[in-house]
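Enquirer: Here's a structure for you.
The values are calculated or read from the model by the stated rules, or taken from the named source; none is laboratory data. Because the structure is predicted, anything quoted here is derived from the model rather than measured. Backbone-built Cβ (ideal geometry, glycine too); neighbour counts: all protein chains shown. What goes into the accessible areas is simple: the full protein's heavy atoms, side chains included, and nothing from ligands, DNA or RNA. Shrake-Rupley method; radii C 1.70, N 1.55, O 1.52, S 1.80 Å.
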Amino acid sequence: MARVAFIGLGNMGGGMAANLAKNGHDVRAFDLSQDALDRAKAAGCLPAASAAEAVAGAEAIVTMLPAGKHVEAVYTDTLLDGAEAGAILIDCSTIDVDTARRVAAAATARGLMAVDAPVSGGIAAANAGTLTFMVGGTQQAFERAEPFLSDMGKAVIHAGGAGAGQAAKICNNMLLGATMIATCEAFALAEKLGLDLQNFYDIASVSSGQSWSMTSYCPVPGVGPESPADRDYQGGFAAPLMLKDLRLAMEAAGSTGADTPMGKRAAELYEAFVAGAGADKDFSGIIETLR
Ligand code: NAD
């Protein structure tokens, strides 16, 4: 088993680092928060006093940080100089494609290997080790990263060169944001038309309107499998994180000249939801603004 550095032990990183330790790796963990370090220690990781201490001697360096600016700062301040030759750098944060490509190029220029490997699946999947990883990088870098990612997830898919993991992630989540809103408004209209919502679910879930937003994550309480709707829209995937991903998608659409009218509207609707009642709700709670 390998020595692994893990930087960023928050909601997602805490569970991911714990799974690496559970799978026998020697995990040197670092976070700015003492609470996070204490939890990592309880989960079998060895807390480090600094990012530099965590990365010294590590074969793999995993980062799970809030946004592109944090990733770039940690890479520039510590990783690029502190990583051992031959180490694989694995960034699992959700960040913009341009920053992902820039940090990967900087790593390559120093003779290091790097992948972007953002995840699908929330805190529960991070804890359970059932995340899906979408990976951007060379074939060689993918092969180096794959065993570590497999210890934290159920699926590891190579999406293409540097930045391709982030590109797949934001396209997927733009689709998710738009289909969730479309699912919510269909149920709201069905209700106004006097349909029984369980009956409408039974019809649409086996008809052409079916989607993951409906059949795995139904936004209507008491309809479909258990979902955050059944817990007053608590837990699950927080609306501010959906908004973050939609903003990244709009940034990417702007820089590539892609026309994404549904994604743009979804971003506007989540912007309004998060500014109001949705600040601490699951993203499916947006149905309350449409019902
Ligand atoms: P979080 O805010 O809970 O955790 C981030 C951690 O990084 C914090 O503990 C913070 O102290 C630490 N940190 C920040 N700067 C640091 C630095 N310079 N050095 C060391 N540690 C530092 O966030 P999260 O929910 O764990 O999300 C992490 C990433 O995963 C984000 O990019 C998010 O978009 C993505 N993501 C989250 C979810 C989810 O459901 N929470 C799902 C998929 C993807």
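Enquirer: Any idea of the accessible area per residue across region 167-289, 1.4 Å probe, to the nearest Å²?
Expert: 48
Enquirer: Roughly how many percent of the accessible protein surface of the chain is carbon and sulfur, given a 1.4 Å probe and a whole-percent answer?
Expert: 56
Enquirer: On to the next question. Report the label-to-label distance for Ser255 and Gln198 in nanometres (one decimal), using points 7 Å from each Cα along the Cα→Cβ vector.
Expert: 4.9
Enquirer: How long is the gain from Glu185 to Ile157 if the chain were fully straight, where each residue apart is worth 0.36 nm and the alpha carbon distance is subtracted?
Expert: Using 0.36 nm per residue and subtracting the Cα-Cα distance, I get 6.8 nm.
Enquirer: Please work out the average accessible area per residue across region 1-110, using the 1.4 Å probe convention, and give it in Å².
Expert: 42
Enquirer: Can you list residues whose amide H is under 5 Å from Ala2's amide H, if they're 5+ apart or on another chain and H is modeled 1.01 Å from N?
Expert: Under 5 Å from the amide H of Ala2 lie the amide H atoms of Asp26, each far enough along the sequence or on another chain.
Enquirer: Gly24: net charge of surrounding residues, Cβ under 15 Å, Lys/Arg +1, Asp/Glu -1, itself excluded?
Expert: Result for the local shell: 0.
Enquirer: I've got another one for you. Taking amide H atoms as placed 1.01 Å from N in the peptide plane, list the residues 5 or more away in sequence, or in a different chain, whose amide H sits under 5 Å from that of Ile7.
Expert: Phe30, Val62, Thr63, Met64
Enquirer: Limiting things to C-alpha atoms, what are the Rg and the maximum Cα-Cα separation (Dmax) for region 3-161, in angstroms?
Expert: 13.7, 37
Enquirer: What are the ³J(HN,Hα) couplings of region 113-129, residue after residue, when phi is run through the Karplus curve with 6.51, -1.76, 1.60 and θ = phi - 60°? Round to Hz, x for glycine and proline.
Expert: 9, 9, 9, 9, 9, x, 10, 10, x, x, 4, 4, 5, 5, 5, 7, x
Enquirer: How long is the gain from Ile123 to Asp230 if the chain were fully straight, where each residue apart is worth 0.36 nm and the alpha carbon distance is subtracted?
Expert: 36.7 nm
Enquirer: Can you give the net charge of the other residues whose Cβ lies under 13 Å from the Cβ of Gly137, counting K and R as +1 and D and E as -1?
Expert: So the environment of Gly137 carries a net charge of -2.
Enquirer: Further question on the same structure: Apply the Karplus curve 6.51 cos²θ - 1.76 cosθ + 1.60, θ = phi - 60°, to the phi angles in region 174-190 and return the couplings in whole Hz, x for Gly and Pro.
Expert: Running phi through 6.51 cos²θ - 1.76 cosθ + 1.60 with θ = phi - 60° gives 5, 4, 4, x, 5, 6, 5, 4, 4, 5, 4, 6, 5, 5, 5, 5, 4 Hz.
Enquirer: Cα axis of helix 239-256 to longest principal axis of the chain: angle in degrees, 0 to 90, nearest 10?
Expert: Helix 239-256 sits at roughly 80 degrees to that axis.
Enquirer: Strictly over 20 Å apart at the Cα level, which of Lys169/Lys264; Lys69/Lys264; Lys22/Lys244; Lys69/Lys154 would you flag in this model?
Expert: In this structure, Lys69/Lys264; Lys22/Lys244; Lys69/Lys154 exceed 20 Å between Cα atoms.
Enquirer: Give the shape of the chain as rounded, prolate or oblate, defined through the alpha-carbon gyration tensor: a ≥ b ≥ c are the square roots of its eigenvalues, a/c under 1.5 means rounded, and otherwise the shape is prolate if a/b is larger than b/c and oblate if not.
Expert: Prolate.
Enquirer: Right, here's the next one. Which net charge results when you count Lys and Arg as +1 and Asp and Glu as -1 among the other residues whose beta-carbon is under 14 Å from that of Ala106?
Expert: Around Ala106, the surrounding residues sum to -3.
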